[in-house]
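A.B. asks: Attaching a single structure in structure tokens format; questions to follow.
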Amino acid sequence: MALPDIHPAHYEEQLSTKLARYRADFAEFDLPEPAVFRSAPLHYRLRAEFRLWHHEGRIDYAMFDSADPKQPILLETFPAAAEPIATLMPRLRDALQASEPLRRRIFQVEFLATLSGECLVSLVYHRPLDEAWEAAARARAADLQIQLIGRSRKQKIVLDRDWVQEVLEVDGQRLRYQQFEGSFTQPNGGVNQHMLTWARTQAKAVGARSQGPGDLLELYCGNGNFTVALAPLFGRVLATEMSKTSVRAAHTNLADNGVGNVTMVRMASEEISDALAGGRQYRRMQGVDLAGYRFSTLFVDPPRAGLDDGTIALARGFDNILYISCNPETLRANVAALAATHRIAAAAAFDQFPYTHHLECGLLLQRR
């Protein structure tokens with residue numbers, strides 16, 4: 001993918017182009033006018049990674065354009081990066097440059113930041129890390145006031161902890177999330193707050209129309225990003241996720257926010273669809289009383305591939321489907337597959353990735 005052209009003066013024009021495509025692509029499904037949630041035009045990414053380029057006795061951050069993949073584009077900082085990352089980048093680069101144990105055979109750096117200013121940095125090497133590296137890394141982490149991790153092949157050194165604590169303002173509440181290095185988190189924290197608030201608004205409307213909240217089935221729950229926000233609006237919640245790290249984080253985040261009505265199972269969407277359809281017995285479902293749930297709503301935030309055929313079949317049985325998508329193309333295909341049973345009741349556009357063609361979409365689908 002070509003590097004984004006990050007110029008705030010072009011932001012509204014580029015967003016308008018994406019919104020026009022969204023409206024056109026879903027026009028045949030009578031798309032309601034979407035609520036639009038803009039990004040900050042600069043310093044919006046809480047995750048970033050860069051190659052470190054060794055040249056003329058120094059190192060610099062580098063990115064590569066697909067149009068010329070062998071030619072590095074050297075960076076002092078990166079305007080899309082959140083303020084904690086943008087401020088840290090030159091200071092960290094100079095600290096690495098000045099330290100032979102930290103500089104030697106380093107080839108990548110990964111940043112994970114929070115809206116509150118915490119920053120976790122992973123340094124990735126083409127060599128084993130030793131005591132000299134650890135001593136130098138501890139000194140630099142203290143100087144820079146960051147969490148620091150070292151990685152090389154089959155080696156991971158965590159100096160303090162491998163997560164940061166995020167606090168999001170959502171619908172008048174402060175929600176706390178542990179976000180782990182290497183696990184998926186929403187990259188645009190400001191837009192994520194809008195996504196969570198919009199999802200809660202739709203869930204409240206579902207409860208009002210149904211004269212009661214019912215129960216929620218959530219697939220692909222990750223670290224509980226949406227689970228924490230939505231669970232208090234339902235009677236009970238059954239949430240599924242495959243990643244062990246994300247499941248561990250979700251349990252922590254639910255406990256930290258006092259959410260006690262969620263049962264989590266580590267299963268793929270295909271497996272839970274099969275179990276709910278009366279398929280084979282799953283060991284990970286032991287102790288879960290599926291028959292006792294009264295599901296009113298399905299919430300999905302799937303990967304770019306969208307929903308598989310089994311999950312589409314499962315979704316047809318729900319009165320309400322709350323769908324967050326990072327890929328409008330697969331979202332459109334899924335909506336088409338559900339069009340005979342469900343209509344679009346509400347829509348949203350979340351500009352998670354300014355200056356790119358990507359657009360995060362939200363739909364509330366209701367049974368016809």
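A.B. asks: Pull out a ≥ b ≥ c, the square roots of the eigenvalues of the alpha-carbon gyration tensor of segment 19-95, then state rounded if a/c is under 1.5, prolate if not and a/b is larger than b/c, and oblate in the remaining case.
C.D. replies: On the way: a/c = 5.42, a/b = 2.15, b/c = 2.52.
Judged from the Cα gyration tensor, segment 19-95 comes out oblate (a/c at least 1.5, b/c at or above a/b).
A.B. asks: For the ranges 52-58, 221-227, 354-360, what's the packing order if you count other beta-carbon atoms within 10 Å of each residue, average per peptide, and put the highest first?
C.D. replies: The most tightly packed comes first, giving 221-227, 354-360, 52-58.
A.B. asks: Nearest 10 degrees is fine. How inclined is helix 244-256 to the longest principal axis of the chain, computing both from alpha carbons?
C.D. replies: Tilt relative to the chain: about 70 degrees.
A.B. asks: Pick from VAL109, VAL237, VAL158 the residue whose mean-square fluctuation is largest in a GNM of the chain, springs joining Cα atoms under 10 Å.
C.D. replies: Highest fluctuation of the listed residues: VAL158.
A.B. asks: Here is a further query. Add -39500 (n - 2.57) for each DSSP H run of 4 or more in the chain, then divide by its residues: what number comes out at 222 nm, to the nearest 500 deg cm²/dmol?
C.D. replies: Working: 10 runs with 115 residues, N = 368.
The helix-only estimate for the chain comes to -9500 deg cm²/dmol at 222 nm.
A.B. asks: Also, I was wondering about something else. What distance in nm separates the two pseudo spin-label positions at LEU74 and VAL158, each 7 Å out from Cα along the beta-carbon direction?
C.D. replies: Modelled inter-label distance: 3.6 nm.
A.B. asks: Would you mind checking the tilt of helix 189-210 against the longest principal axis of the Cα atoms of the chain, expressed as 0 to 90 degrees and rounded to 10?
C.D. replies: 10
A.B. asks: OK, next. Give me the distance in nm between label points sitting 7 Å out from Cα along the Cα-to-Cβ direction at ALA268 and ARG316, one decimal.
C.D. replies: The two pseudo-label positions are separated by 2.2 nm.
A.B. asks: To the nearest 10 degrees, how steeply does helix 83-97 sit against the main Cα axis of the chain, on a 0 to 90 scale?
C.D. replies: Around 30 degrees separate the two axes.
A.B. asks: Using only C-alpha atoms and all pairs of different ones, pull out the Kirkwood radius for the chain in Å with one decimal. The partial results should precede the final answer.
C.D. replies: Details: mean 1/r = 0.0451 Å⁻¹.
Averaging 1/r across every pair of different Cα atoms and inverting gives 22.2 Å.
A.B. asks: Which value, in Å², gives the accessible area per residue of segment 126-181 when a 1.4 Å probe is used on the protein heavy atoms? Show your work: numbers first, answer last.
C.D. replies: Values: 2990 Å² over 56 residues.
Here the residues of segment 126-181 average 53 Å² of exposed surface.
A.B. asks: Right, something else. Does segment 185-247 come out rounded, prolate or oblate by the C-alpha gyration tensor, with a ≥ b ≥ c the root eigenvalues, rounded set by a/c under 1.5 and, if not, prolate when a/b is larger than b/c and oblate if not? Could you put the intermediate results ahead of the total?
C.D. replies: Working: a/c = 3.37, a/b = 1.34, b/c = 2.52.
Oblate is the answer for segment 185-247, as a/c is 1.5 or above yet b/c matches or exceeds a/b.
A.B. asks: Could you name the lysines whose alpha carbon sits less than 26 Å from that of LYS154, not counting residues in the same chain fewer than 8 places away?
C.D. replies: Answer for LYS154, where 26 Å is the Cα cut-off: LYS244, listed by chain and number.
A.B. asks: Sticking with this structure for a sec: Beta carbons within 10 angstrom, averaged per residue: use that to sort the peptides 76-82, 251-257, highest first.
C.D. replies: For the peptides 76-82, 251-257, the packing ranking is 76-82, 251-257.
A.B. asks: State whether segment 129-286 is rounded, prolate or oblate according to the following rule on the C-alpha gyration tensor (a ≥ b ≥ c being the square roots of its eigenvalues): a/c under 1.5 gives rounded; otherwise a/b larger than b/c gives prolate, and the remaining case gives oblate.
C.D. replies: It comes out oblate by the Cα gyration axes.
The values are calculated or read from the model by the stated rules, or taken from the named source; none is laboratory data. As the structure is a computational prediction, the values presented were derived from the model and not from experiment. Glycine gets a Cβ as well: all are built from the backbone with ideal geometry, and neighbour counts include every protein chain shown. With ligands, DNA and RNA removed, areas are computed over all heavy atoms of the protein, side chains included. Shrake-Rupley method; radii C 1.70, N 1.55, O 1.52, S 1.80 Å.
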